[in-house]
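**Student:** Dropping the structure in here first, questions after.
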Amino acid sequence: MSGAVDDTPVLRVEDLSVEFRVRGAWWPAVRGLSFDVARNETLALVGESGCGKSITALSVMGLVPRPQGRVGSGRILFEGRDVAAMREAELERLRGDRMAMIFQEPMTSLNPVLSVGFQVSEALRVHRAIDAAAADAEALRLLEEVKIPSARRRFADYPHQFSGGMRQRVMIAMAIALKPALLLADEPTTALDVTIQAQVLGLLADLKSAQGMSMLFITHNLGVVAAIADRVAVMYAGEIVEIAPVARIFSGPVHPYTEALFRAIPRIDREEQSLDAIGGQVPPIDRMPPGCRFAPRCPARRPSCEASSQALVEVAPGHSVRCGVRAPAGARAA
Amino acid sequence: MRILARLFQVFGTNKTSWVGLAMFVAICAMALLAPWIAGTDPLEQDIIAKLRPPSAEHWFGTDEFGRDVYARLVWGARISLSVSISAITLALVVGGTIGLVSGYVGGRFDMLVMQVMDILLSFPALILGLIIVALLGPSQANLIVAIALTALAPFARITRAPTLIVKERQFVEAGRALGFGHGRILFVHVLPNIVSEVLVMASLWMATAVRVEASLSFIGLGVRPPTPTWGGMIRDGFENILDAPWLCIYPGLAILALIFSLNMLGDGLRDATDPKLRGE
Amino acid sequence: MIWYVAKRLLAAMPTLVAVLTVVFVIVRIIPGDPALTVLGDQATPQALAALREKLGIDKPLLAQYFDFITAALTGDLGRSLVSGRPVIQEVVAVLPHTLDLTISSLVLGTALGVPLGVWAALRRNRLADYVIRIVSLVGLSFPVFVSGIFLLMVFSLHYRLFPVIGTSNLADLGDRTWKLVLPTITLGLVMVAYITRVTRSAMLQVLSEDYVRTARAKGVPARLVIRRHALRNALIPVVTVVGLYLGINIGNSVLTEIVFNRPGLGKVIVTALNQRDYAMLQGLMVIYCFLIVVTNLLTDLAYGLIDPRVKQA
Ligand SMILES: Nc1ncnc2c1ncn2[C@@H]1O[C@H](COP(=O)(O)OP(=O)(O)OP(=O)(O)O)[C@@H](O)[C@H]1O
Ligand SMILES: [Mg+2]
């Protein structure tokens, strides 16, 4: 089922909290976050808009927006080294080479004054001692690989001449240019139509099997989760509420939030499934409830839920849940 | 009332704008209190005591006619302030009305009016002022008209944009259904939305107005002598720059202080009102 | 490229006509009777009539307007009432001085303003940023005749480093440059202040753009991110300001030329004003219009060089 074979994870996040400054005080947007991504494994990160998925990926890249945001505490071990404690110059050597990210916003993530071809070849030029011609040739190959139609002719075009879907594919080409050990993919296929989406997912799967690449894959699309993930982490309001192998998440979700989220049948061609089937909204980061953060919206709520915060409890090997009702601490389910 | 509340809200948060406002108010106070704090008559000549350097008796020295520079400086503030305040008020009222009407009428009329405004804006304020004053003849009233003309366009822009938006919105329709006149609709719904923008523009363009007035006076197209004006004082002092540098230094610093205070005020207000621009 | 320029030029024609119309209104209609303005109210009716005919203002207004526009568009700017020489000749004679000053202050403003603005943006809300912001606000607040006189007092009169008299020998390059220094600093300071502020806010804006984050995610070194990815985009608003400033510069050069006693367009216009040389004034206004239109055109071309999105349109 899982592709994880190596036991030293590519990425290990330990008790991470990322904070933002709101009205003069620092509030955690993500807190107490811990997870691993093993070599050659794909971990899907799912959850409602604003729950902290992008922030998690950005903090791994060392790209939390400053000065309004910061990594408050915790460690982010990439191939055994703490990214959160690294100097910028060291980070620059890793970024784009050993780890790469595909951003959520394809329309604004490309530089409008530089040609698409150059932007793809730039990563190669920065990290490898190759001449411009070789870098361009490789960039062209990458653009063809992500199925940019007539890539050679469009190599010198600018981003404004590309559609959203094509820009997203350019972003993907940029990210996989140096065959990273870890790819952080933030909703990489949302702007693509179904056929292209399937092709791109296939491409990423190929890279995974050919190079042993690991992925942190953020998506709203449960069909995509089913197609690509080995394990799934469900986030709510900055915390992981459930993490489990993909089959278990679909067959036996424990947390009421996961349940609501995965109620729909996974279909790859349908966007935005059931995410707002639950009444209410995610509380803003400076107004979090004291106890279980999901309690105000939870159908299984008990008075005790609002009293104290919940711990992540392992209910089965590799399956942990943060819920005092369904998975009370100390009472380990089978 | 809403306007006043908005005003306080805008000012409350920004130090720069407070410092600018304080400096500006101080200069205004100086102008208002001129008869009491000037000490001597700014026009009184004393040929024997001409071109005296600053001393206990004449704080800022005397000019070529033996007139007290300090007294002239204090009285000169009146011209700078009255010309620029009147000009900006005129520009605000006329330009604002043009923008309101143009936005409200819309269509080709609006396009034509805005085209003309763009053209006015593309003329350098000083050149436009220069030509107009030269053609109309140098008097305080003409000066005000000329300067107001150079500042017409920005105020037309400010009132036009929200008028266009408000016009589209539901509550205007509702207001019309209730039988409110156009004037009332515009007054109630457009003005409160633009108070802060108007304040920012007014202070920044007043800075320009002061600069243009001083520059025109320096060229010799300002309010006629012997009325003391800061630009005029520098013009006279420039001829004696070798023997009496104080004749240029003090009025120069006064102009700088006034313009600087207005720029600080406008800049601070803009930062305070536009959170996106904060600190820019 | 040539096609692009030609197209822009053609597109600028309506603007030019519109600008000329505004000039016509200002010069012909606002003063009432220009002849009266020129000769004063003691003039004899015969003299007034003669001047009216000479200026072509005895015809109906619409005919006057038509004459004015066609003359302007065919490059006929009339003759000075005082010297009798064609306006264009008088202008061409002083043009090198004006160009020297405009270009050198533009270069100074960009060379200092852009790096200072970038620096301030990178040090946002630190000491360097505050200092740069306050100093640039002071720089903006100086009317150029005041800063010019202050510079003159310090560097020419006190330290005697630079000449007081500004008329230079155009053929002597050393002399020409030497006399350009103080006027350039005077005009350039305002420009530095403007460009610094615009660059700073444009950089702040651009640095928070997604594509800058993308560049960093590729591992592009910080210096290169700033130069290649951020600055190029930030220059787009800077070009706008430079274009606008060239207009302001024309106004400010009048004052600079008086203070430093330099020949130039500004000096010509003030002389014409003092001599009530109405024909000259009108011709000069037309020239200013051309300058404004040309400046806009140059600004557009600069956009085309920086921003690939512009060429399309
Ligand atoms: N620049 C910022 N300033 C302040 N708060 C921020 C900022 N960026 C993110 N946040 C906070 O962090 C929370 C998580 O944001 P994040 O972008 O990670 O959400 P997400 O899970 O990726 O949502 P989406 O599915 O919409 O992409 C937000 O709800 C917001 O409160
Ligand atoms: Mg996101």
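The values are calculated or read from the model by the stated rules, or taken from the named source; none is laboratory data. Since we're looking at a predicted model, the values are computed, not measured. Cβ placement follows ideal geometry from the backbone for every residue including glycine, while neighbour counts extend to all protein chains displayed.
**Student:** Could you check how many residues of region A:1-26 are assigned to a strand (DSSP E or B) and of a type in the set (D, E, K, R)?
**Tutor:** Total meeting the criteria: 5.
**Student:** Restricted to region C:237-264, and to residues that are more than 10 Å from chain B (Cβ to nearest Cβ), hydrophobic (A, V, I, L, M, F, W, C) and in a helix (DSSP H, G or I), which residue is farthest from the chain's Cα centre (by Cα)? So that I can check it myself, show each step before the final result.
**Tutor:** Keep residues of region C:237-264 that are more than 10 Å from chain B (Cβ to nearest Cβ), which gives C:237-242, C:256-257, C:260-264.
This time we only want the ones that are hydrophobic (A, V, I, L, M, F, W, C), so: C:238-239, C:241-242, C:260.
Next, from what is left, pick out any that are in a helix (DSSP H, G or I): C:238-239, C:241-242.
Details: C:Val238: 15, C:Val239: 14, C:Val241: 11, C:Val242: 9 Å.
That would be C:Val238.
**Student:** Out of A:Ala29, A:Ala25, which single residue is away from chain C (no Cβ under 14 Å), in contact with a Phe, Trp or Tyr (Cβ under 8 Å, 6 or more places away or on another chain) and within 13 Å of ligand 1 (Cβ to nearest atom)?
**Tutor:** A:Ala29
**Student:** So, of the residues in region B:77-127 that are aromatic (Phe, Trp, Tyr) and assigned to a helix (DSSP H, G or I), which turns out to be modelled with the lowest pLDDT?
**Tutor:** So, considering only residues that are aromatic (Phe, Trp, Tyr) and assigned to a helix (DSSP H, G or I), the one modelled with the lowest pLDDT is B:Tyr104.
**Student:** Looking only at region A:211-236, count how many residues are within 16 Å of ligand 2 (Cβ to nearest atom), part of a helix (DSSP H, G or I) and within 21 Å of A:Arg322 (Cβ to Cβ).
**Tutor:** 1
**Student:** Give me the pairs: first residue in region B:201-215 and within 8 Å of another protein chain (Cβ to nearest Cβ), second residue assigned to a helix (DSSP H, G or I) and of a type in the set (S, T, N, Q), beta-carbon distance under 6 Å, and six or more apart or on different chains, which are they?
**Tutor:** Sorted first by the residue in region B:201-215, then by its partner, the pairs are B:Ala207/B:Asn263.
**Student:** Does A:Asp269 qualify as being at pLDDT below 85, out of contact with any helix residue (DSSP H, G or I) (no Cβ under 9 Å at 6 or more places or on another chain) and of a type in the set (Asp, Glu)?
**Tutor:** Against the criterion (at pLDDT below 85, out of contact with any helix residue (DSSP H, G or I) (no Cβ under 9 Å at 6 or more places or on another chain) and of a type in the set (Asp, Glu)), A:Asp269 does not qualify.
**Student:** Which residues, counting only those in region A:34-90, are basic (Lys, Arg), in contact (Cβ under 8 Å) with a residue 40 or more places away in the chain and more than 13 Å from ligand 1 (Cβ to nearest atom)? Spell out how you get there, then give the answer.
**Tutor:** We begin by selecting, within region A:34-90, every residue basic (Lys, Arg); these are A:39, A:53, A:66, A:70, A:75, A:81, A:87.
Retained after the next criterion (residues that are in contact (Cβ under 8 Å) with a residue 40 or more places away in the chain): A:39, A:53, A:70, A:75.
Once the filter is applied, which keeps residues that are basic (Lys, Arg), in contact (Cβ under 8 Å) with a residue 40 or more places away in the chain and more than 13 Å from ligand 1 (Cβ to nearest atom), region A:34-90 yields A:Arg39, A:Arg75.
**Student:** Test of understanding: among C:Val82, C:Val23, C:Val94, C:Val17, which residue is outside the structural domain of C:Gly266 (by TED's automatic domain parsing), in a helix (DSSP H, G or I) and surrounded by fewer than 19 Cβ atoms within 10 Å (Cβ to Cβ)?
**Tutor:** Criteria check complete, one pass: C:Val17.
**Student:** Here is a list of conditions, (1) within 16 Å of ligand 1 (Cβ to nearest atom); (2) within 28 Å of A:Leu91 (Cα to Cα); (3) modelled with pLDDT of 90 or more, and A:Arg169 meets all of them except one; can you say which number that is?
**Tutor:** Single failed check for A:Arg169: (1).
**Student:** Same structure again: Mind listing whichever residues of region B:224-256 are under 22 Å from C:Gln275 (Cα atoms) and surrounded by 24 or more Cβ atoms within 10 Å (Cβ to Cβ)?
**Tutor:** Within region B:224-256, B:Gly231, B:Gly232 meet the criteria.
**Student:** Additional query: Residues of region B:221-231 being at pLDDT 85 or above and within 12 Å of chain C (Cβ to nearest Cβ), which ones?
**Tutor:** Within region B:221-231, B:Trp230, B:Gly231 qualify.
**Student:** Just give me the residues in region A:27-67 being assigned to a loop (DSSP other than H, G, I, E, B) and more than 16 Å from ligand 2 (Cβ to nearest atom), in sequence order.
**Tutor:** To start, the set of residues in region A:27-67 that are assigned to a loop (DSSP other than H, G, I, E, B) comprises A:38-41, A:47-52, A:62-67.
Residues satisfying the conditions are A:Ala38, A:Arg39, A:Asn40, A:Glu41, A:Gly62, A:Arg66, A:Pro67.
**Student:** Since A:Leu140 meets every condition but one in (1) modelled with pLDDT under 95; (2) part of a helix (DSSP H, G or I), which condition does it not meet?
**Tutor:** Single failed check for A:Leu140: (1).
**Student:** Return yes or no: is A:Glu92 away from ligand 2 (no atom under 16 Å from the Cβ), loosely packed, with under 14 Cβ neighbours inside 10 Å and at the interface with another protein chain (Cβ under 9 Å from one of its Cβ atoms)?
**Tutor:** No, not satisfied.
**Student:** Condition first: more than 12 Å from C:Arg309 (Cβ to Cβ) and within 7 Å of chain C (Cβ to nearest Cβ). Now tell me which residues in region A:112-126 satisfy that.
**Tutor:** Matches in region A:112-126: A:Glu122, A:Ala123, A:Val126.
**Student:** Continuing with this model, one more query. Filter region C:140-150 down to the residues that are in a helix (DSSP H, G or I) and surrounded by 20 or more Cβ atoms within 10 Å (Cβ to Cβ) and list them by number.
**Tutor:** To start, the set of residues in region C:140-150 that are in a helix (DSSP H, G or I) comprises C:140-141, C:144-150.
Within region C:140-150, C:Leu140, C:Ser141, C:Val144, C:Phe145, C:Val146, C:Ser147, C:Gly148, C:Ile149 meet the criteria.
**Student:** Can you tell me which residue in region A:183-214 is farthest from the other protein chains (Cβ to nearest Cβ), limited to those that are within 16 Å of ligand 1 (Cβ to nearest atom) and of a type in the set (A, V, I, L, M)?
**Tutor:** The qualifying residue farthest from the other protein chains (Cβ to nearest Cβ) is A:Ala191.
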